[in-house]
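Q: Got a structure here, written out as structure tokens. Questions coming.
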Amino acid sequence: RAAELPAHAPGGARVTTYGPSDATRVLVLVPGLGGGGGNFAVIGPELVQRVPNLQVWAVDRRGDALEDTIGFAAGEPGTAYRYYFDGLALGTSRFDPNRASKVPGATGWGLASTLADLRAVVRRARAGGRRVFLGGHSLGAATTLAYAAWDFDGSPGYRDLSGVVLVDGGQLG
């Protein structure tokens, strides 16, 4: 059963959890480019079923909260297409491709804010002495490596982690 944790910072990462809350190991998963925490909706429950004493946390980045999914929620591909590409209004909503540019502070979001949000997630996962493994797919794998190497005010990110999991990505060359 999935459970959502509240945001960890204003506009910060949102987390969906799978598995037992009393697990002593937590795998925090970061999605790839264009993906969100929902990318792990199938693998999260499978992992906790197959790996004893594990809880999986799937991260949605702060920008994911800005996604306009109204067109998809209509449930009909033609309607979604017209909403996103032809200016179709659905109720009082009309797709705005520049939505993020209108959110105060969003233009300053980048790697530093992404890693700060992720650190809040990792620290929360470590509560009670749990071991935390940070993993990611594609761009999420590169983000995982950046976290491990990042200097958080004199403390390198790798010290927060028991290990990393890189899926189809990471460092090339």
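The values are calculated or read from the model by the stated rules, or taken from the named source; none is laboratory data. Everything numeric in this text was worked out from a predicted model, so none of it was measured. Here the Cβ is made from the backbone with ideal geometry for all residues, glycine too, and neighbour counts use every protein chain on show. SASA here: full protein model, heavy atoms, side chains in, ligands and nucleic acids out. Shrake-Rupley method; radii C 1.70, N 1.55, O 1.52, S 1.80 Å.
Q: Would you tally the residues in the stretch 9-40 being open to solvent by less than 50 Å² (accessible area, probe 1.4 Å) and either within 19 Å of V132 (Cβ to Cβ) or at pLDDT 95 or above (or both)?
A: Total meeting the criteria: 17.
Q: Let me ask something additional. Using the structure shown, decide if D168 is at pLDDT below 95, touching a Ser or Thr at 6+ places or on another chain (Cβ under 9 Å), loosely packed, with under 12 Cβ neighbours inside 10 Å and not β-branched (V, I, T).
A: So D168 fits the description; yes.
Q: Could you list, in sequence order, the residues of the stretch 150-164 that are of a type outside the set (F, W, Y) and either open to solvent by 80 Å² or more (accessible area, probe 1.4 Å) or in contact with a Phe, Trp or Tyr (Cβ under 6 Å, 6 or more places away or on another chain) (or both)?
A: Within the stretch 150-164, D151, D153, G157, R159, S162, G163 qualify.
Q: Still on this structure, please answer the following. Within 17 Å of T143 (Cα to Cα), at pLDDT 90 or above and open to solvent by 30 Å² or more (accessible area, probe 1.4 Å), is that true of A58?
A: The answer is no for A58.
Q: Then there's this: Give the number of residues within the stretch 61-88 that are open to solvent by less than 70 Å² (accessible area, probe 1.4 Å), among the acidic types (D, E) and out of contact with any Ser or Thr (no Cβ under 8 Å at 6 or more places or on another chain).
A: Result for the stretch 61-88: 1.
Q: Further question on the same structure: Residues in the stretch 16-33 that are part of a strand (DSSP E or B) and over 18 Å from the mean Cα position of the chain (by Cα): how many?
A: Final tally of qualifying residues: 1.
Q: Next question. Does any residue of the stretch 101-114 turn out to be crowded, with 18+ Cβ neighbours inside 10 Å and either under 22 Å from G37 (Cα atoms) or of a type in the set (S, T, Y) (or both)?
A: Yes.
Q: Right, here's the next one. Would you check which residues across the stretch 128-146 are closer than 23 Å to T17 by Cβ and out of contact with any Ser or Thr (no Cβ under 9 Å at 6 or more places or on another chain) and list them?
A: Listed by number, the residues that qualify are H137, S138, L139, G140, A141, T144.
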